[in-house]
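What follows is one structure encoded as structure tokens, with my remarks underneath.
The values are calculated or read from the model by the stated rules, or taken from the named source; none is laboratory data. Please read these numbers as outputs of a predicted model, since none were measured by experiment. Cβ placement follows ideal geometry from the backbone for every residue including glycine, while neighbour counts extend to all protein chains displayed. These area figures cover heavy atoms from the full protein model, side chains too; ligands, DNA and RNA do not enter into them. Shrake-Rupley method; radii C 1.70, N 1.55, O 1.52, S 1.80 Å.
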Amino acid sequence: MTTSPAFTHTATRRKSPLSGFRAAPVEMPVLCSSCVDKRAVLKRPKTGHSLCKECFFWAFEEEVHQTILAAKLFRHGETVGIAASGGKDSTVLAHVMKLLNERYDYGLKLMLLSVDEGITGYRDDSLETVKRNQQQYELPLKIVSYEELYGWTMDAIVQQVGLKNNCTFCGVFRRQALDRGAIMLKVDKICTGHNADDVAETVLMNVLRGDIARLRRCTAISTASEGDGVVPRCKPLKYAYEKEIVLYAYFKKLDYFSTECIYSPNAYRGHARTFLKDLESVRPSSIMDVIHSGENLSVREGVKMPVQGTCNRCGYISSQALCKSCVLLEGLNRGLPKLGIGKHHRLHDKILSQTPLTEKEERKLRSVDF
Ligand code: SF4
Ligand code: ZN
């Protein structure tokens, strides 16, 4: 946020019959449409209502509370790990979860859980923000790192695989890292800072890819435990607009880190994001509309869906003999980075039985230019 969010209606003074020329526009304060007492400082991106700071905070927090209640996200006495990256979403999530836990006596034990991907100049700085948040919110913090879990930092991975598929490695590793951290912390649930824009983008991407299995999962506000080693997750900010999260963080003066990852090429998501922002600018409800469309899609009976099993190597959930994380790691360790990109399922048995790959197979998988 660089511009001042002070909000006014611009009105034009009536043309003076004497002067004969139009006066300059003057700014007239707008009253908050909720309390009709204080001056409005913003127009809610989600509803268009003009609100004062306090009424906006209340509306934002109440909506998250209602989301939590309606979906029965938590049970009294549970330990909940908040996935904290130091960014605006997870910082707002930590702030609001702590506040609502106290205001409505949820009876939750909250903790912060962070993943250190090993990205110099990005994650090391954002983790400093998380450490300050830990002090500010007085919550325990656990940081798990790719280096300790996989023996690879993202810096090293990018050196080997380049900047095209790095987010595939990072995303797969992060998902498992969060689960492993959650198990170390013995939390019952993980909540993540995914907001309405994130969910709508994912719906669009899955529609475009025709990925039915993911499309069905991506709008779910919570996931049950899918097996051993997978901790249930939920998204309390699922219906919160990104723009409102930014406004909330701005007006609450929350301490968050706003720099983008230095390895962020994710072009595909970027296009979905731009498209969604364009839609939002002509019709703000587009974000909710896309989410609701995703929620309402159902899969015809008889459509083949991947069967969820467990990885033969690490035991993590997988629909193949080896989970994605183990395949990616194997590829990195063998210097064959393409192994986990694309479909090479038929090689899984060879990897498991440590049968050497043929010269031709190796050649195809070695190339970095993919
Ligand atoms: Fe990882 Fe890609 Fe996100 Fe950077 S942009 S943190 S590399 S997933
Ligand atoms: Zn595995």
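What is the extension gain from I183 to Q160, computed as 0.36 nm multiplied by their sequence separation minus the C-alpha to C-alpha distance, in nm to one decimal?
Between I183 and Q160, full extension yields an extra 5.3 nm.
Considering only S285, Q135, L108, whose Cα is most displaced toward the positive end of the charge dipole of the chain, charges sitting on Cβ of Lys, Arg (+1) and Asp, Glu (-1)?
S285
In terms of solvent-accessible area of protein heavy atoms at a 1.4 angstrom probe, what is the ranking of S33, S298, highest value first?
Accessible-area ranking of S33, S298, largest first: S298, S33.
If the chain between T168 and D289 were fully stretched, how many nm would it gain, using 0.36 nm times the residue separation less the Cα-Cα distance?
40.8 nm
For the chain, build the charge dipole from Cβ charges (+1 Lys, Arg; -1 Asp, Glu) around the Cα centre, then report which of I190, L99, C167 sits farthest towards its positive end.
Of I190, L99, C167, it is C167.
Could you work out the local net charge near A70, counting Lys and Arg as +1, Asp and Glu as -1, over the other residues with Cβ closer than 14 Å to its Cβ?
With Lys, Arg at +1 and Asp, Glu at -1, the net is 0.
Do any of K88/K238; K88/K164; K304/K350; K189/K243; K43/K243 go past 18 Å between their Cα atoms, and which?
With Cα atoms farther than 18 Å apart: K88/K164; K304/K350; K189/K243.
Rolling a 1.4 angstrom probe over the protein heavy atoms, how many square angstrom per residue are accessible across the stretch 103-148?
I get 46 Å² per residue for this part.
Against the 2.2 N^0.38 Å scaling, with N counting residues, where does the stretch 106-164 land? I'd like the Cα-based Rg ratio to two decimal places.
For the stretch 106-164, the normalised Cα radius of gyration is 1.37.
On C-alpha positions alone, give me the angle between the axis of helix 123-137 and the longest principal axis of the chain, in degrees, nearest 10.
60 degrees
Given Cα pairs under 8 Å that are at least 6 residues apart, what percent is the relative contact order of the stretch 242-370?
12 percent
What does the charge count around K131 come to, taking other residues whose C-beta lies under 14 Å from its C-beta (Lys +1, Arg +1, Asp -1, Glu -1)?
So the surrounding residues net to -3.
Rounded to the nearest 20 Debye, what is the dipole magnitude of the stretch 49-168 about its Cα centre when Lys and Arg each give +1 and Asp and Glu each give -1 at the C-beta?
Using only the charged Cβ atoms, the result is roughly 200 debye.
Can you tell me the orientation of helix 53-70 relative to the chain, as the angle in degrees between its alpha-carbon axis and the longest Cα principal axis, to the nearest 10?
40 degrees
For Cα pairs less than 8 Å apart in space and 6+ apart in sequence, what is the mean separation divided by the residue count of the chain, i.e. the relative contact order in percent?
Rounded, it is 15 percent for the chain.
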